[in-house]
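Below is one structure. I have some questions about it.
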Amino acid sequence: MLRIISANLNGIRSAAKKGFMEWMAHQQADFICVQELKAQRADLEPEILSPKGFSSYFHHAEKKGYSGSGIFTPHAIDHVQIGFGNKEFDAEGRYLEVQVGKLSVISVYMPSGSSSPERQEAKFRFLEAFLPHLIALRKSKRQILLCGDINIAHHEIDLKNWKGNLKNSGFLPEERSWLTKLFTEVQYVDVYRRLEPNTTDACYTWWSQRGQAYAKNVGWRIDYQIATPEFAESAKKASVYKEQRFSDHAPLIIEYDWKL
């Protein structure tokens, strides 16, 4: 059984201070994909860079205190790919892929467009550039698992206040249709929804820090595990971990009946 975790940490050093590294050490996970590191390698303490029992791989943003993605694993890795070949977004540290046998595990931090119209345009550029890469991966005959903060809620059941967000970044028609195309035409699988097709309130992985969004569970499901069909078929159990808070996101945990 493979246990795979995806977690946006909103600052890996901040999450570590809140106990994330200790929690991770007890998860018996095979891959822990993290996003929004907000740190470069030189900024990271030894317990983050080299946690006992794990190898760590990171794609840091060139800009200090910004973005970034990483993967922790106890397994020996055959190949590591940093970036997906796009100059603009590779500079932001948004893509890290590790390969073990026929399986590729990817940690991705897709842009948010909520801060400004300029960032929304950047998000659209990312979606346009990223889809051909995902199509190429699909044609590679490898098993692909894409974990990360996608920054898009796909359907109305994926966020509490969908009516109020129809014109907001993260729930725009163009963003949602991109995911629909990924799941229908390109034939990737939204693994959580394969296991939990109708779950709503318990599916949320992110809550605004404004108001009392977390206390009232006014959340969004924007963290995903997305897989090729054969690998997705092996998924047995999915959960969102909310017993401790490490950031404004909650870890998404999925277990797969799969041998490396």
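From the list R221, R245, R210, exactly one residue is touching a Lys or Arg at 6+ places or on another chain (Cβ under 8 Å) and either modelled with pLDDT of 95 or more or within 22 Å of S114 (Cα to Cα) (or both). Which is it?
After applying the criteria, what remains is R245.
Note down all Cβ pairs under 6 Å where the first residue falls in the range 186-202 and is surrounded by fewer than 17 Cβ atoms within 10 Å (Cβ to Cβ), the second is among the aromatic types (F, W, Y), and they're at least six residues apart or on different chains.
Within 6 Å, no pair qualifies.
Would the range 22-31 turn up any residue that is closer than 30 Å to S140 by Cα and assigned to a strand (DSSP E or B)?
The answer is yes; a qualifying residue exists.
Which of (1) buried (at least 17 other Cβ atoms within 10 Å of the Cβ); (2) without any contact (Cβ under 8 Å) to a residue 40 or more places away in the chain; (3) among the β-branched types (V, I, T) is the odd one out, the single condition T205 does not satisfy?
(2)
Counting only residues that are more than 18 Å from the chain's Cα centre (by Cα) and in a loop (DSSP other than H, G, I, E, B), which one in the range 228-260 is nearest to G101 (Cα to Cα)?
Checking each candidate, the answer is L260.
Quick one: which strands (runs of 3 or more DSSP E) sit completely within the range 90-162 and have at least 3 residues that are over 18 Å from V186 (Cα atoms) and either more than 15 Å from the chain's Cα centre (by Cα) or free of Cβ contacts under 8 Å to residues at least 12 places away in the same chain (or both)?
It comes to none.
Hey, can you tell me all the residues within the range 41-84 that are outside any strand (DSSP E or B), among the aliphatic types (A, V, I, L, M) and under 19 Å from K17 (Cα atoms)?
Passing the criteria: A42, L44, I48, L49.
Could you pull out the residue among S169, S177 that is closer than 17 Å to G113 by Cβ, buried (at least 18 other Cβ atoms within 10 Å of the Cβ) and among the hydroxyl-bearing types (S, T, Y)?
S169
The values are calculated or read from the model by the stated rules, or taken from the named source; none is laboratory data. The structure displayed is predicted, hence computed values, not measured ones. Neighbour counts run over all protein chains shown; Cβ positions are idealised from the backbone, glycine included.
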